[in-house]
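The next block holds one structure in the form of C-alpha cells; read it before the comments.
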C-alpha cells in the first residue's frame, strides 16, 4: 500500500513538472500556444486527481473517489482536445463535453446508488479514459499521415493507442474479475502496483510523445521555410535546383524527358514605381496563383527571385510545354488585380526549353543546360517585344507565339 502511495505521489510530481513545462512552452516560447495551454491544464488536473487518490481515507470519499476519478477523465479529454487544436482538426468541443457530462452523471449515479461504489467508478473511469486515448490516437494518425508519412504518424499515435487499449483491458477485466482488476488503484495488490507503474510510464510517454509532435511540426515548418518563398509560397531557387536535379536523374532512369518554363513580369519596375512595393508584392502573389492554376500535381512552380518565376514540367516535351506556356501567358494577360480602387494588369515574357534523354551527353549537367536554354529563350522574348513565348534555340523553326 505504501509503495503504491509513494508511486502515485511521484506521478503527481511528474505531471506537475510537465504542466509547468507546457505552460512555459506555450507562454514563454510561443510554441503551439493554445494546444500547449490545454496540455498544461490537462497535466495539472491529472496531478490533482492523483493527489486526491493518494489521500483516500484522509479526505471525504466524494473527493477521493468520484471527483478524483472524474479529474483523471478530464485530464485525458483535455489532452485529446489539445491534439485536435494542434492538428487543426475540424472538430467542435462537443465530443469532449459529452464525454465529461456522461462520465460525471454515471459517477454521480454510481456513488448515489451503490454502497460499495469503488468498482463501478473504476469501470466508468477506465471506459472514459480508454475512449479519450483511442480517439487521440485516431486523430493523430489521420491528421499526421499526410504531413509526416504513415510511418511517423503511426509512431506518434501508437503510445496513445496502446495506453487506450490498456484502459480498455482494465474495463473489460474489471467486469469479468472485479475482485482483482476492478479494485481502486490505491488498494494493495500486484495488479494495482503494476497499474500505478503504468501510470508513471503513461505520464512520461504521453508528454514525450506530445513534445516530439511539437518539435516535429516546428522542424517541418523550418524545412518548408528553407525551401519556399515567403511571399508567394512557391519553391525558392534552392528547392527548384533540387527538383531539377531529381528530374535529371529520373530522366536517365526512365528515359522520360522534362521541360522548363521561365517567365518574367514585363515592366515590373514601372509598376513598383507607380503603385508602390506593396502593390508589386500583391501582383507577385497573384501571378503565383496563376502558376498554381496551370500546374499539374507533379509540376514544380518556383520564384527564382524578384519578378522571375520558373515552372518545371516532368514527363513533358517541348510541344506540350509551349502549350502550357501560351495558356499561362494568356491567363496572366487577362488577369485583373484590384488594388486600392484600381485594376493592376500584368503581362509576362516566357522562355521554354525541354530536356530529353536522346540529347543527354556525358559530362553535361542536364538540369543546368535546360535552365540556361530556357533563360536564353526568355531574354529573346523580352528583346522581341515582350508578352510572348519563345522556345529554346534548337526549336526556333517553331513559330513564336505572340499575343
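Rule-based calculations on the coordinates, nothing more; no lab input. No experiment lies behind these values; they were computed from the predicted model shown. Note: ideal-geometry Cβ built from the backbone for every residue, glycine included; neighbour counts use all protein chains shown.
Values computed for the structure shown
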read-out: Extended-chain gain in nm, criterion 0.36 nm per residue less alpha-carbon gap, residue 241 and residue 281; value: 12.0 nm
read-out: Ratio Rg/Rh [Cα only; Rh per Kirkwood] for the range 237-402; value: 0.99
read-out: Additional length obtainable on full extension of the chain from residue 13 to residue 293, 0.36 nm per residue less Cα span; value: 95.4 nm
read-out: Cα convex hull volume per residue for the range 282-359 (Å³); value: 91
read-out: Per-residue [θ]222 nm for the chain (sum of -39500 (n - 2.57) over DSSP H runs n ≥ 4, rounded to 500); value: -22500 deg cm²/dmol
read-out: Difference of contour (0.36 nm per residue) and Cα-Cα distance, residue 393 to residue 142; value: 85.4 nm
read-out: Packing rank of 58-69, 98-109, where each peptide gets the mean count of other beta carbons within 10 Å, highest leading; value: 58-69, 98-109
read-out: Sites residue 330 and residue 269, calculated FRET efficiency, Cβ-Cβ separation with R0 22 Å, nearest 0.05; value: 0.40
read-out: Simple label model, 7 Å out from Cα along Cβ direction - residue 55 to residue 372, nm; value: 7.8
read-out: At 1.567 mPa s and 4 °C, Stokes D of the range 2-227 from Kirkwood alpha-carbon radius, µm² per second; value: 72
read-out: Descending semi-axes in Å of the range 21-97, equivalent ellipsoid built from Cα gyration tensor; value: 27, 16, 6
read-out: For log10 I(q)/I(0) by the Debye sum over Cα atoms at q = 0.08, 0.10 Å⁻¹, calculated from these coordinates, the label among (1) -0.41, -0.64; (2) -0.52, -0.78; (3) -0.63, -0.76; value: (3)
